[in-house]
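These notes concern the structure reproduced below.
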Amino acid sequence: MNMMDTMPVLRDVYKARRRIEDLVRRTASIHSPLLSAETGGDVYLKLECLQHTGSFKVRGAANRILALPEADRKRGVITFSTGNHGKAVAYIAGRLGIPAVVCLSEHVPAYRARLIEGFGAEVHIEGRSQDEAEKAYFRLMEERRLCPVVPFDDPDIIAGQGTAGLEMIEDISELDTVLVPLSGGGLLAGVALALKSIDPSITVIGVSAEATPVMLESLRAGKPVRMEEKDTLADSLLGGIGDGNRYTLPMVRDLVDEHIVVTEDEVEKGMVFAFRHHSLVIEGAAAVGIAALLSGKADLRGKTAGILLSGSSVEEKKYLAVLNKHAV
Ligand SMILES: *Cc1c(COP(=O)(O)O)cnc(C)c1O
């Protein structure tokens with residue numbers, strides 16, 4: 001059980017920043033002249049796509065792992081994510097020289113397993129589905145007394161992701177609006193916590209992909225709901241919010257001002273825009289903010305906005321197909 005088992009507050013974000021500063025990159029917020037012209041605002045891009053391991057997830061993972069009591073940390077950590085969270089946990093554990101186990105199902109492509117092993121983590125492949133991989137995860141956790149590092153619904157994870165928000169408000173002096181990708185809500189809850197605590201007048205907008213609006217449906221229902229998984233370019237936004245969600249659902253409900261949903265086509269155009277005008281490779285999940293602007297779904301006239309580009313993990317073939325489809 002986590003020692004800080006209450007809702008995180010701004011101070012936890014500041015504590016997280018001190019804890020993780022040697023392990024995590026302070027990424028730049030760069031101005032986008034073209035997005036500014038298109039929207040009539042002043043638009044900045046927060047480059048978490050250039051973060052270690054290619055996503056912001058190292059922030060939460062580092063904060064969670066460093067918050068563990070020394071003896072627990074030494075025994076090691078365990079998680080069961082296939083994507084950016086698994087990479088982040090493996091990378092941080094590797095940097096700290098502690099054991100990490102990442103549980104994957106047999107369906108996960110072999111290159112992903114090799115990537116995680118490359119960071120020095122043990123990959124445990126068991127089960128034909130995510131559910132079965134999750135069972136293996138609980139069994140190994142017990143057997144080896146490993147500490148779980150969950151992807152979003154945890155106060156230390158949320159506070160860690162919130163450090164990206166602190167950097168934005170420091171680097172973009174007139175910041176009054178942020179757009180943040182939304183899946184499980186760790187990133188959005190953390191950034192909203194940091195920014196709203198410092199200045200409640202800042203507008204915080206969550207952006208979901210049409211293929212996977214699980215948090216939005218859960219907000220509507222007033223409790224976590226499950227949805228069928230669809231194929232999407234924004235694959236890092238897939239997955240539920242957890243039946244026992246305790247933190248991110250109430251925080252997103254209480255702290256976020258507005259929600260926008262973008263389509264697959266809009267996500268593609270966001271990825272292409274980042275490449276064409278900023279020479280940035282971003283994954284589908286990271287493109288939802290630019291997508292919200294280009295589609296006219298976010299009104300930024302007269303605003304100073306920060307768009308969080310959350311990651312850059314995209315398969316080469318998928319990426320090239322998107323660029324080719326929209327090539328001029
Ligand atoms: C995990 C992830 C998200 C969503 O973060 P949540 O905390 O689950 O809402 C967005 N973009 C990328 C690249 C991610 O890896």
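In order along the stretch 276-290, the Karplus-derived 3J(HN,Hα) couplings, from 6.51 cos²θ - 1.76 cosθ + 1.60 at θ = phi - 60°, round to 5, 9, 10, 6, 10, 8, 10, 7, x, 4, 7, 8, 5, x, 4 Hz, and Gly and Pro are given as x. Look at the dipole of the stretch 1-105 built from charges on Cβ: of 68, 32, 104, the Cα furthest out on the positive end belongs to 68. Shape summary of the stretch 202-328, radius of gyration then Dmax from alpha carbon positions: 15.1, 47 Å.
Over 30 Å between Cα atoms, which of 87/230; 196/318; 74/135 qualify? From 87/230; 196/318; 74/135, over 30 Å: 196/318.
Residues whose amide H falls under 5 Å from that of residue 311, counting only those 5 or more places apart or on a different chain, are 49, 283, 286, with hydrogens built in the peptide plane. The residues 91, 111, 319, 14, when put in order of fewest to most other Cβ atoms within 10 Å, stand as 111, 14, 319, 91.
With θ taken as phi - 60° and the Karplus curve 6.51 cos²θ - 1.76 cosθ + 1.60 applied, the whole-hertz 3J(HN,Hα) list for the stretch 103-117 is 8, 10, 8, 5, 7, 5, x, 4, 5, 5, 4, 5, 4, 5, 4 Hz, x standing for glycine and proline. Between the amide H of residue 123 and those of 102, distances stay under 5 Å, these residues lying 5 or more places away or on another chain, with hydrogens modeled in the peptide plane. Please state, as a whole number in µm²/s, the translational diffusion coefficient that the Stokes-Einstein equation yields for the stretch 229-277 at 20 °C and 1.002 mPa s, with Rh defined as the Kirkwood radius across alpha carbon pairs. Approximately 160 µm²/s, per Stokes-Einstein. Applying the Kirkwood pairwise sum to the alpha-carbon positions of the chain produces a hydrodynamic radius of 19.6 angstrom.
To the nearest ten degrees, helix 130-144 and the longest principal axis of the Cα atoms of the chain are 50 degrees apart. The loop-placed GluC sites (Glu not before Pro) in the stretch 145-237, going by DSSP, that have at most 15 neighbouring Cβ atoms within 10 Å of their Cβ come out as 174, 228, 229. Using θ = phi - 60° in the Karplus curve 6.51 cos²θ - 1.76 cosθ + 1.60, the 3J(HN,Hα) couplings for the stretch 242-253 round to x, 4, x, 3, 10, 10, 6, 4, x, 5, 5, 4 Hz; x is entered for Gly and Pro.
Computed over all pairs of different Cα atoms, the Kirkwood value for the hydrodynamic radius of the stretch 1-118 is 16.2 Å. Stokes-Einstein diffusion of the stretch 95-215 at 4 °C, 1.567 mPa s viscosity, Kirkwood radius from Cα pairs, rounded to a whole number: 77 µm²/s. When the alpha carbon coordinates of the stretch 47-108 are projected onto the principal axes, the ranges are 32, 32, 15 Å, largest first. Calculated mean residue ellipticity, 222 nm, the chain: -13500 deg cm²/dmol, from DSSP H runs (n ≥ 4) at -39500 (n - 2.57) each, averaged per residue and rounded to 500. The relative contact order of the chain, computed from alpha carbon pairs under 8 Å that lie at least 6 residues apart in sequence, is 21 percent.
Under a 5 Å amide H cut-off, with hydrogens placed 1.01 Å from N, residue 258 pairs with 204, 206 among residues at least 5 apart or on other chains.
We did not get these values from a lab; they are worked out from the coordinates using the rules stated. Quantities reported herein were computed from a predicted structural model and do not represent experimental measurements. Every residue, glycine among them, receives a Cβ derived from its backbone with ideal geometry; neighbour counts consider all protein chains shown.
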